[in-house]
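Nothing in this text is a laboratory measurement; each read-out follows from the coordinates by a stated rule. The structure presented is a predicted model; accordingly, all values stated were derived computationally and were not measured. No Cβ is skipped: glycine too gets one built from the backbone with ideal geometry, and neighbour counts run over all protein chains shown.
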Amino acid sequence: MKKNQKGFSLIELLIVVVIIGIIAAIAIPNLLASRRAANEGAAVSSLRTLTSAQATYQSTSPTGNFGDRAALQGDGLIDSVLGAGNKSGYAYTVTPLIRTTSAPARFDASAIPQQFGGIGATGTRSFYTNESGVIYFNAAATAPTAAGDTRIVTPDTPLNQ
């Protein structure tokens, strides 16, 4: 080697590459978990938006019934992304149940992860709400219901459980 030769040796470069690989192996799973938690938070927020939109729709509807996603979007109560049914990695369904003489008007709304499980999962829980405004969840790829072994989302329920 010449006295004025400068640069990095192959060993030094390999050590840097290994360190970067270790950092990436630690950071990437945490990044994906954060994305799933953000998607779940957005799903809960969207269901709250749907509940508020349904209350407004029902109070302004001449029939007193609730509306589906298209009706809510048409009245400007929800945005076009939520109106399309897919937002932040979740698929949304809204089913209005028409009022009859024996039953009041109702609606069911659910948010189910578009990809459940695996490294590319968009969420690990499904959510459900109805006219009561209570949001239920379960750790499955199917929508929970207001009965059964589902849990209720409250301000004290961390979304990262």
**Report entry** Dipole magnitude (debye, nearest 20) for the chain, charges at Cβ of Lys, Arg, Asp, Glu
**Finding:** 740
Query - Amide H contacts of GLN115 (H built 1.01 Å from N, under 5 Å, at least 5 apart or other chain) - result: THR122, GLY123
Query raised in the report: So what's the back-of-envelope 222 nm ellipticity for the chain, counting only DSSP H runs of four-plus at -39500 (n - 2.57) apiece and dividing by all residues, rounded to 500?
Result: -13500 deg cm²/dmol
Query - Euclidean distance of C-alpha centroids, the range 130-147 and the range 43-75, integer Å - result: 18
Query - Average projection area in nm² (convex hull over Cα atoms of the range 10-152, one quarter of hull surface) - result: 10.8
**Report entry** Sorted peptide list for 130-141, 13-24, criterion being average Cβ within 10 angstrom, highest first
**Finding:** 130-141, 13-24
Requested in this report: Using θ = phi - 60° and the Karplus relation 6.51 cos²θ - 1.76 cosθ + 1.60, list the HN-Hα couplings for the range 131-142 in order, rounded to whole Hz, with x at every Gly or Pro.
Outcome: 4, 6, x, 6, 9, 10, 9, 8, 8, 8, 8, 10
Query raised in the report: Taking trypsin sites (Lys or Arg not before Pro) as exposed when DSSP calls them loop (any state but H, G, I, E, B) and at most 10 other Cβ atoms lie within 10 Å, what is the longest stretch of the chain free of them, the sites themselves excluded?
Result: 7-161
Query raised in the report: What's the angle, to the nearest 10 degrees (0 to 90), between helix 10-60's Cα axis and the longest principal axis of the chain?
Result: 10
